[in-house]
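The values are calculated or read from the model by the stated rules, or taken from the named source; none is laboratory data. Computed from a predicted structure; not experimentally measured. Ideal geometry is used to build each Cβ from the backbone, glycine not excepted, and the neighbour counts take in all protein chains shown.
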């Protein structure tokens, strides 16, 4: 009798090759990097051949990580993915013009490596992760060299976000030119995807054909919530038994995180509540100055991925500020992990925006810029544990319904196959 033998799983898309071009990648712990890495490795596990051209790690500190400076091109093989990292200019204070120079530097240093890989590996699809739109011409050229389809995946609308945050002046000829260029570049894609329904609608409004637009969300990528591990944070940061209003993530213009300090000031009378701001970014020093003298605010650096579950468990309430006008330009990736944690969220967003719709029913929503309303919402949740528990559980249910990693990457793999079929190219 022949002995039965286990067979390896059949690849979902045998033979397909994908080249991903994006400025952010692991080991960056937050923002776009973890999702680009998760996508690349997820596609590789599904049988696709995946190469990545990215930058040396620098985010969210806005400085090149130790050990990566002056190395030129760095090649590695990571979880079945061939990764090539390129040098780039990283400004310590990323103002509008410096940020443009930063993004342009990656486009320049990635051009030759991307074209060489496209020529040598002949991918079926080139995926460009935006930001940065300045990488789209590089990806377009690579797709032409390889005879491949071009897929643009928009994590946020960087031009509109730059206008909203004041990094760039949206008026006049320069603003009009920037909008025209963004719309023109987006229309180069055979497929253009983004992470929320409202952002999909914005793509169509920018002239991308609706038949080419796809919604492909980010996913919850934190380890399981670790209540026991949160005790270590309480000891390290001398929090005692106080309830914690937690902000964790990038500290930059579009977050409008100054409102968190204002809310902390309004609630300074409460000895049972402390605000923890755990993050890095170009506005951190300014925020430290704003919080000077407040004993109910703690600052901490971004935590390693291994401690993220414990950090999520530390929160009594998660804080998700956004400035007015930014709630449909980006859906913050940190929201997925907040909801998965089972803790309620307080977000600043106007009704009808994507952020409002995602949080509604899983937390409390207040108008952007209204520190008094933010303080009142935090106070309501810490004083009503039954409401907090109910909203937190709803958030966990929503995360598992809308943000399951396996289902999202399965769909991406299926859509990559479809775009390769006859008729998949943009006209």
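Some points to look at:
- From the options 410, 383, 370, residue that is at negative phi and exposed (fewer than 14 other Cβ atoms within 10 Å of the Cβ): 383
- Taken as a whole, the structure places residue 331 among residues that are surrounded by 21 or more Cβ atoms within 10 Å (Cβ to Cβ), touching a residue at least 60 places away in the same chain (Cβ under 8 Å) and under 22 Å from residue 279 (Cβ atoms).
- Residue count for the stretch 294-317, restricted to those that are over 18 Å from residue 28 (Cα atoms) and at pLDDT below 90: 0
- Any hit, the stretch 215-227, residues being more than 17 Å from the chain's Cα centre (by Cα) and either assigned to a strand (DSSP E or B) or without any contact (Cβ under 8 Å) to a residue 60 or more places away in the chain (or both): no
- For the residues 308, 267, the requirement of being assigned by TED's automatic domain parsing to the domain that holds residue 360, touching a helix residue (DSSP H, G or I) at 6+ places or on another chain (Cβ under 6 Å) and on the phi < 0 side of the Ramachandran plot singles out 267.
- Number of the condition not met by residue 104 [criteria: (1) in a helix (DSSP H, G or I); (2) farther than 20 Å from residue 40 by Cβ; (3) in contact (Cβ under 8 Å) with a residue 40 or more places away in the chain]: (3)
- Hits in the stretch 309-325 (condition: crowded, with 24+ Cβ neighbours inside 10 Å and assigned to a helix (DSSP H, G or I)): 311, 312, 314
- Boolean, residue 199 is part of a helix (DSSP H, G or I), modelled with pLDDT under 95 and buried (at least 21 other Cβ atoms within 10 Å of the Cβ): yes
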